[in-house]
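Chemist: Got a structure for you, questions after.
The values are calculated or read from the model by the stated rules, or taken from the named source; none is laboratory data. This structure is a prediction, so every number in the text was calculated from the model and none was measured. Here the Cβ positions follow ideal geometry from the backbone for every residue, glycine too, while neighbour counts run over all protein chains shown.
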Amino acid sequence: MNVIRLKIRLYGDACLRGKCEKVVQVESAERMLIEAMLETMRVEKGIGLAAPQVGVNRQLFVTNAGGGYMVFVNPKIIRRSGKAIMEEGCLSIPGVHIYVRRPEKIWVRFMDENNHIHERQYGDLMARVIQHETDHLHGKLIVDYASKHELMEFKDVLRDLEASAKNE
Ligand SMILES: [Zn+2]
């Protein structure tokens, strides 16, 4: 079976700011979406990809930041500790990187692709990616954390992305 590769929605696309619905259960339609998202992430060389980035407003993301791939359905960050600043990029905002301050360690409750519920602690890159992708599920993007200086620096890139999103 050929896995479908999905089109990445770019900054300016309304889908990236939309409200994401919870997934009641992972069934065959969701499994196909997950396979397609994993393939898209691989091809685009990303370390995380959230459903709204491929035009689906549902609470689901995939990542390979922990070594193998992982699927997070309905993730909820239930505890946070520490602070760290790290530069982040986003497949939906190519050419833009923003220094984002986030908790260093998180506890997250989520469902996996087999409908099992987990509660786990993450640090380092995984904590970073989980927070970035969970933001996507709430319509939040790295530019929302940008300083005035960063917004000035990337003004032209963002304007061009918005213009191309409108023309589609
Ligand atoms: Zn992103």
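Chemist: More than 16 Å from the ligand (Cβ to nearest atom) and either in contact with a helix residue (DSSP H, G or I) (Cβ under 8 Å, 6 or more places away or on another chain) or not in a strand (DSSP E or B) (or both) - does that describe any residue in region 124-133?
Modeler: To start, the set of residues in region 124-133 that are more than 16 Å from the ligand (Cβ to nearest atom) comprises 124.
From what is left, the residues that are either in contact with a helix residue (DSSP H, G or I) (Cβ under 8 Å, 6 or more places away or on another chain) or not in a strand (DSSP E or B) (or both) are 124.
Within region 124-133 (the criterion being more than 16 Å from the ligand (Cβ to nearest atom) and either in contact with a helix residue (DSSP H, G or I) (Cβ under 8 Å, 6 or more places away or on another chain) or not in a strand (DSSP E or B) (or both)), the answer is yes, since at least one residue qualifies.
Chemist: Let me ask something else about it. Starting from residues that are more than 8 Å from the chain's Cα centre (by Cα), of a type in the set (A, V, I, L, M, F, W, C) and within 13 Å of the ligand (Cβ to nearest atom), keep the ones in region 39-56 and report whichever is nearest to Cys15 (Cα to Cα).
Modeler: Val54
Chemist: Considering each residue of region 134-158, count those that are assigned to a helix (DSSP H, G or I) and touching a Gly at 6+ places or on another chain (Cβ under 9 Å), and give that number.
Modeler: 4
Chemist: Can you find a residue that is in contact (Cβ under 8 Å) with a residue 40 or more places away in the chain, surrounded by fewer than 19 Cβ atoms within 10 Å (Cβ to Cβ) and in a helix (DSSP H, G or I) anywhere in region 41-60?
Modeler: Yes, region 41-60 contains at least one residue that is in contact (Cβ under 8 Å) with a residue 40 or more places away in the chain, surrounded by fewer than 19 Cβ atoms within 10 Å (Cβ to Cβ) and in a helix (DSSP H, G or I).
Chemist: Let me ask another. Tell me, please, whether a residue that is over 23 Å from Leu49 (Cβ atoms) and either more than 18 Å from the chain's Cα centre (by Cα) or at pLDDT 95 or above (or both) can be found in region 137-146.
Modeler: For region 137-146, residues over 23 Å from Leu49 (Cβ atoms) and either more than 18 Å from the chain's Cα centre (by Cα) or at pLDDT 95 or above (or both): absent.
Chemist: Taking the conditions exactly as written (closer than 18 Å to Cys20 by Cα, crowded, with 16+ Cβ neighbours inside 10 Å and within 16 Å of the ligand (Cβ to nearest atom)), does Leu141 satisfy them or not?
Modeler: Details: closer than 18 Å to Cys20 by Cα: yes; crowded, with 16+ Cβ neighbours inside 10 Å: yes; within 16 Å of the ligand (Cβ to nearest atom): yes.
Yes: the conditions hold for Leu141.
Chemist: For region 98-119, which residues satisfy the criterion of being surrounded by fewer than 13 Cβ atoms within 10 Å (Cβ to Cβ) and either in contact (Cβ under 8 Å) with a residue 60 or more places away in the chain or not in a loop (DSSP other than H, G, I, E, B) (or both)? Give the steps one after another, and end with the answer.
Modeler: Going through region 98-119, the residues surrounded by fewer than 13 Cβ atoms within 10 Å (Cβ to Cβ) turn out to be 101, 114, 116-119.
Result: Arg101, Asn114, Ile117, His118, Glu119.
Chemist: If you check Asn74 against the conditions, is it touching a Phe, Trp or Tyr at 6+ places or on another chain (Cβ under 8 Å), at positive phi and either assigned to a helix (DSSP H, G or I) or away from the ligand (no atom under 16 Å from the Cβ) (or both)?
Modeler: Yes: the conditions hold for Asn74.
Chemist: Scan Val100, Val71, Val108, Val96 and give me the residue that is within 13 Å of the chain's Cα centre (by Cα) and of a type in the set (A, V, I, L, M).
Modeler: Answer to the selection: Val71.
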